Every structure is written in C-alpha cells, then in structure tokens.
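See structure below.
No value in this document is a laboratory result; all are computed from the given coordinates. From a predicted model like this one, the values you see are computed outputs, not experimental measurements. For neighbour counting, all protein chains shown are included, and Cβ atoms are generated from backbone atoms with ideal geometry for every residue, glycine included.
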Amino acid sequence: LPDCFQTMSKTQRHQQEALWEFVHTELAYINKLIVIRDLVIAALSNLHRNGFLLEVTPELLFSNLPSIIAAHQLFWQEVIYPMLQEVRRTGMPFDPQRLRSGCMQFPQRFSCYQHYCWEEENSLEFARRQMESNPHFLIFIQWVETHPQSQRMRLGDMQAKPHQRITKYPLLLKSVLQSTQDSQVQQTLRAMLSSVNSFLESINDYLKLKDEELALSISAQRVDGYEVEGINEEIDKFVREFCQFDLTSPIRGVGPGVVRKLLLEESLKIRGRKDSKLEVVALLFSDVLLMTKFQKKGERLKVVRPPLALDRTFCLALRDGCESRCCVGLLSVFRKRLECFLLPPLPPRFVCPGGGGGASERHERLRFCSQHPGELFHLGLNHPASKGNPEQMERDGEHPDTERLQTPGNG
C-alpha cells in the first residue's frame, strides 16, 4: 500500500484496498497456474517418458491452460506490474486508470478462455472417469494433492481456477468503482467494467453456439437424407450432386451465429389416396420440416418425403365446414403447390380463424397430432383444387390468407 495510506479518508482507503486486492489476487492466480504447470503437467510428462499413463494427456486434463498462463503473465508484465512499480517508486496511491488499457483489451488478451470454458466440462468428466477406472491415475492424483507445492488444491479445484478467475474481474472492478469519488475516474471504471462484462457475455454466447452446433450434429447423425428416384444409375449419380441437403449447413439468409435447432420431434401418420398409411417421425427444425421413418435396424431415421422449407410453407384453416382442420403446404418459388398435408380436427384453442397462426401454434398442432386418434392426410401433388385451397385461390386472383412460419432470424 502507498506511504500516504494512513492519511487518506475512509473512502480513499477502501479504494486502495480494492485495487490492492486486484493486484494481489492476480499474482496469486498466476502462481497457482504455475504450480499446475510445473507440478502436475511436468510430473505427468515425466511419467509419459517412462511409459506410464499414456492415455492421460495434459490437454485432456487442462485443455489449453498453457495459453492462459502466457496471457496472464503478459497482462501482469504490461498492465499491473508497471502500476505497482510506479506506486513503489513515487509513494503515491494506486491510479485505477492505469488498468484501463488492459481491461479494454480483454477480448484480445484472453480469447483463450473460450476454448478452455468449452472444454472444462469434458476435462472434469474425463478426470472423474479416470479416477473411477484407472488405479494408476488415482495414485498419481493422490500424490499431486498431498504434495507440499500443491497448496492443498484438489484436482477439481485446479481445473476450475480459470473460469473462477475470469468471472471475478467484474466484482473486483465494481469494488473499486464503489469506493471512487472522482467523476472522471468513475466514468473510466464504468467503461472498463462494461468491456469486461461484454467479454464474459461473448464467452457465454460462444458456449451457447458450440452447444447448439453439437446438438445439431447429433441430430444430423441420426438422419439419412432423402433419395430422389432417377431414371438409371448414371443419371442418379448426377442428380445426387444437386439434391444434397446438409442439416449442419448454415441457414440461408442469416448470419453464422444462428444455428439450426430441432424444435420438435413427434410421431405422425400420413394417409394416402387409397387408405394406405405411412407412420412417420416429424422433425421440426428452425427452417425445415422433415418427414422421416425409422430404419429397420437401429435408431437411425430416413427422410421419406421432400424436406419442407418453412419460409415457403403455408398453414391455412380450411373452409366449407372444415374450420377445425388445418392445411399445411409447400409452395414453389412461383407460388405453386408442391406438397400438401391435412391435419386432423383439433381443439378450438388451436384453431386460427384467419388462417396462418404463429410458429408456437404450429408446434402445438404437431404435438397434438401425435396424441390424437386422427391422422395427417397427404393430399399429394395432383389433388383436385377446391375452395380454400391456396393453388385454386391463386388461379382465382386471390392471395391465400396465410402467414409464413417465422423462425429465429429467418423471417
């Protein structure tokens, strides 16, 4: 603490104590990371050189921890230590504005935290499984945790240190702000706090994006694509090049941060013209509806109808005494009907008198169909147009009374 600490007001002393806590905890954190590197990772590497625990790598236990150590050592050298040196040299109080450049550069300095936080759960789970099934690993961890240099840290504590530290910075800055009286310094601290909070939000957004990508990948692995029947094998080969649909591909018309989501999965029935029935599993994604069927072996699903793009799909309440039924169809780019399905009678709360209806209503309709004794009727491509049919309405010069399905980021 500065030489003039005892002569300061109570508020000024609290500010200096808060700044000292920022400095002291940063150094303590770096030292604990160095213990993990020089004790645990170094000992594990030595075991590898002697042929032991080859199945346990430092990356599986601590992900990219060396990158985090390097980032914080640089943060100390360029931001914190110069401030500390100035206080020691001049005897003046800590100036919180000396932290400004470092805190405003959090996204550039600490981008390595995104990967570490994403892998942290996997690292914890890997360590837990090894503790249960690998006696050599258990002995190694017992040696680590009882070693004098470990500072009584357990393995789980070591793995949790990075995310605990990165989420503590806003609390440290708030403590400094609350004990700062100068309005200009307050403004600087608020900007620093906003930058740090934005960085933490970006980590949360990154984790959410990775979770959504993983969930989509799992869904895509279950589904075999729709096969278009060609004329012969040679033509089929060329047709397949133009008829591939990858569920993991980006949604058209939106940014890369929007990932296709599986919103609903329900079992339905499609009835053909001659009372033939086909049991399907409907998969409703953010921008597409897939009609699939379980394969004979395993849990894989195969798409049995052309995918229905939701931005070209209409949902229309039928007329002529059929108000309780809903027609769901797919239009081409020229607004011509390609596919058409008829939902069974639904309770009044699901009926939308003006046609259309929101996405949540459509999700409820699909869910109801799985529990209702009725079926989902397939009207086909050449079904005779009738009053209320969108194709007939187009020929009559009317615009179908519909509302397009709205999906997140894809209107």
List the pairs from K32/K168; K174/K210; K261/K293; K237/K261 whose alpha-carbon separation is above 22 Å, in the order I gave them. K174/K210; K237/K261
Please report the net charge: other residues with Cβ closer than 11 Å to the Cβ of R260, K and R +1, D and E -1. -2
For the pair S67 and W20, the simple spin-label estimate (label points 7 Å beyond Cα toward Cβ) gives in nm 3.7
Structure shown: which of K277/K297; K208/K269; K269/K297; K208/K302; K161/K208; K277/K302 lie over 24 Å apart, alpha-carbon to alpha-carbon? K208/K269; K208/K302
Highest to lowest packing among 279-291, 54-66, 125-137, scored as the average C-beta count within 10 Å: 279-291, 54-66, 125-137
Net lengthening on full extension, K210/Q184 (0.36 nm per residue, minus Cα-Cα): 5.4 nm
Ranked from highest to lowest mean number of other Cβ atoms within 10 Å per residue, what is the order of the peptides 259-268, 39-48, 178-187? 259-268, 39-48, 178-187
Projecting the Cα atoms of F94, T57, A70 onto the charge dipole of segment 1-97, where Lys and Arg contribute +1 and Asp and Glu -1 at Cβ, the residue farthest towards the positive end is F94
